[in-house]
Amino acid sequence: MTTKFMLGTKGRMTQIFDENGNAHPATVVVAGPLTVTQIKGEKDGYTAMQVGFGAMKESRVKNPQIGKPFKYLREFSIGEKEAEIGSAIDISIFTPGDIVAVSAISKGKGFQGVVKRHGFHGGPRSHGQKNKERAPGSIGGGGRAGGRVVKGMRMGGRMGGDRITVKNLKILQVDPSTNTLIISGAIPGHPGTLVEIRG
């Protein structure tokens, strides 16, 4: 059950020094504030809170979302937590030291070969081989799969653009005056990507 949650956009990476002088990689996230737009209850069959994030022109809002001029709308499971429609949620709900999970869409890398996509080592540049170092090699014969390609065979293809969740990250700094969180480690996506933070 989610107890703390926040939406934000990924910023730059930085490093934070602890009291012993050790540097820790970190990511800056501009988060919140969120506005509660809907409460799901018994009528919906589950309990959740829908929140809006990011300002949007009223003229660009789609008809079903009139009255909710937000760029992003997301739902979070809240259990029995009480909230009022229109109330605001800011990053003050987090404190340094909180352990969170961060979800975002990873960078799209287009069509990639097996060396980059799956970590294949490739073949040696020897014994007359000059331009097949990054080739995938054999994918099996008719004996194993009846002449077809086995499902899940690691081959070249589209890479990236997946929803990735990184767990056990630590909140290092919270700055409500600028709506900025500094989170340990790297998180998925490019700068400007929407990130979901759950505590």
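What follows draws every value from the coordinates through simple rules; no lab data is involved. All of these numbers come straight from a predicted model, not from anything done at the bench. Neighbour counts are summed over all protein chains in view; Cβ atoms, including those assigned to glycine, are modelled from backbone coordinates with ideal geometry.
Among (i) 50, 34, 25; (ii) 70, 52, 35; (iii) 55, 31, 25, which is the computed Cα extents along the principal axes in Å?
Checking each listed value against the structure points to (ii).
With runs of 4+ DSSP H residues as the only contributors, calculate the mean residue ellipticity of the chain at 222 nm using -39,500 (n - 2.57) per run, divided by the residue total and rounded to the nearest 500.
Here the helix-only value at 222 nm equals -1000 deg cm²/dmol.
If R₀ is 35 angstrom, what is the calculated FRET efficiency for the pair Lys107 and Met155, using the beta carbon separation as r and rounding to 0.05?
According to the calculation, E is roughly 0.95.
Considering only DSSP states other than H, G, I, E and B, which GluC sites (Glu not before Pro) in the stretch 61-120 qualify as loop sites with at most 16 other Cβ atoms within 10 Å?
Passing sites in the stretch 61-120 are Glu80, Glu82, Glu84.
Quick check for me: using +1 on Lys/Arg Cβ and -1 on Asp/Glu Cβ, what's the dipole size of the chain about its Cα centre, in debye to the nearest 20?
Using Cβ point charges on Lys, Arg, Asp and Glu, the chain gives about 1720 debye.
Any chance you could check the Cα centroid distance between the stretch 148-199 and the stretch 17-70 for me, in angstrom?
Cα centres, the stretch 148-199 to the stretch 17-70: 16 Å.
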